[in-house]
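Have a look at the structure below before the remarks.
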Amino acid sequence: MLLNSKGNKHRRPSKAVRIATLAGVTGAAIAVPLMGATGASAASVSTWDAVAQCESGGNWSINTGNGYYGGLQFSQSSWAAAGGTQYAARADLATKSQQIAVAEKLLDMQGPGAWSCAGAGNLSNDGVDPGVDTGSSAAKTEAAPKTEAAPKQAEPKKAERTEAPATNRSDRSTAPKAESKTVTTPTGKKVKKGDGEYKVVTGDSLSEIAADHKVEGGWKHLFELNKDIVKDADLIYPGQQLHLTK
């Protein structure tokens, strides 16, 4: 898209252009200094870097909301006029290389005066091809680097559930406990515990138990009732359980 004869500038017109306008020079006469050389214009990347440093602090993605975008501070109309929309909707959305490529076209169309910071980079049609690669995509190529997805970790195996074999409830309630079958004597010997109604305590003897509980037949009968666990009438042990009656 070519600019009109009024010299639609990328940035504010230079002082020389304003003086020429005030002097009443015709539009045709103004077009000559604006267009610069008739051949293709070019400037080195280092030159464009210097201009960008002055224009935007070297921030090629800047968008402050002032109507100018990218490192070289294109207005939207200049960006479109120089074909920038083939790369991105605005200059700040394009890559540095794409912005330089569009700037080259604008330099050819309007000359160095299109940038108020042209002097900072000594911008001129020096014929040096910047050799930038704009890429084939219209989208911005200098996006954040792709991050590879972390490898999926294998889920920990669930512990296999093992169920205890079913046990008949009645069996559990009636089965005798192993520790209830014997008692340990002071010497460490194990003797039968028994399942009688009286539990022997320290200091007991068959005669005392028979007297206290009025066992018919006295200690001899008490001994006979419990001879399966009491082997010696003089030796009974705490924890043994004696029958007092049949």
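Tell me the net charge near residue 221. Cut-off is 12 Å between Cβ atoms, residue 221 excluded, with +1 for each Lys or Arg and -1 for each Asp or Glu.
On the way: positive: 214, 220, 227, 246; negative: 216, 224.
My count for the surroundings of residue 221 gives +2.
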Share of accessible surface on carbon and sulfur in segment 174-246, whole %, 1.4 Å probe and ligands ignored, is 53 percent
The set of residues whose placed amide H lies less than 5 Å from the amide H of residue 185, leaving out same-chain residues fewer than 5 positions away, is 190, 191
Length-normalised contact order of segment 39-111, Cα under 8 Å, at least 6 apart, in percent, tallies to 30 percent
Phi-derived 3J(HN,Hα) across segment 69-83 with the Karplus relation (6.51, -1.76, 1.60, θ = phi - 60°), rounded Hz, x for Gly and Pro, is 10, x, x, 9, 6, 6, 6, 5, 5, 5, 4, 5, 5, 8, x
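May I ask which of 181/220; 190/231; 190/220; 193/214; 190/246 have a Cα-Cα span longer than 18 Å here? Walk me through the numbers on the way to the answer.
Details: 181/220 24 Å; 190/231 13 Å; 190/220 24 Å; 193/214 22 Å; 190/246 25 Å.
Cα-Cα > 18 Å for 181/220; 190/220; 193/214; 190/246; rest within.
So for each of 214-223, 63-72, 112-121 I average, over its residues, the number of other beta carbons within 10 Å; can you give me the resulting order with the highest mean first? It would help to have the intermediate numbers written out before the result.
Values: 214-223: 15.5, 63-72: 18.2, 112-121: 20.6.
Packing proxy ranking, top to bottom: 112-121, 63-72, 214-223.
Students often check this: by mean Cβ neighbours within 10 Å, which of 83-96, 226-239 ranks highest, and how do the rest follow? The partial results should precede the final answer.
Details: 83-96: 20.8, 226-239: 14.9.
Top of the packing list down: 83-96, 226-239.
Counting Lys +1, Arg +1, Asp -1, Glu -1, what net charge surrounds residue 120 among other residues with beta carbon under 11 Å of its beta carbon?
Summing Lys and Arg as +1 and Asp and Glu as -1 gives -2.
The values are calculated or read from the model by the stated rules, or taken from the named source; none is laboratory data. Please read all numbers here as calculations on a predicted model, not as lab measurements. Backbone-built Cβ (ideal geometry, glycine too); neighbour counts: all protein chains shown. Quick note on the areas: whole protein, heavy atoms, side chains included, nothing else; ligands and nucleic acids left out. Shrake-Rupley method; radii C 1.70, N 1.55, O 1.52, S 1.80 Å.
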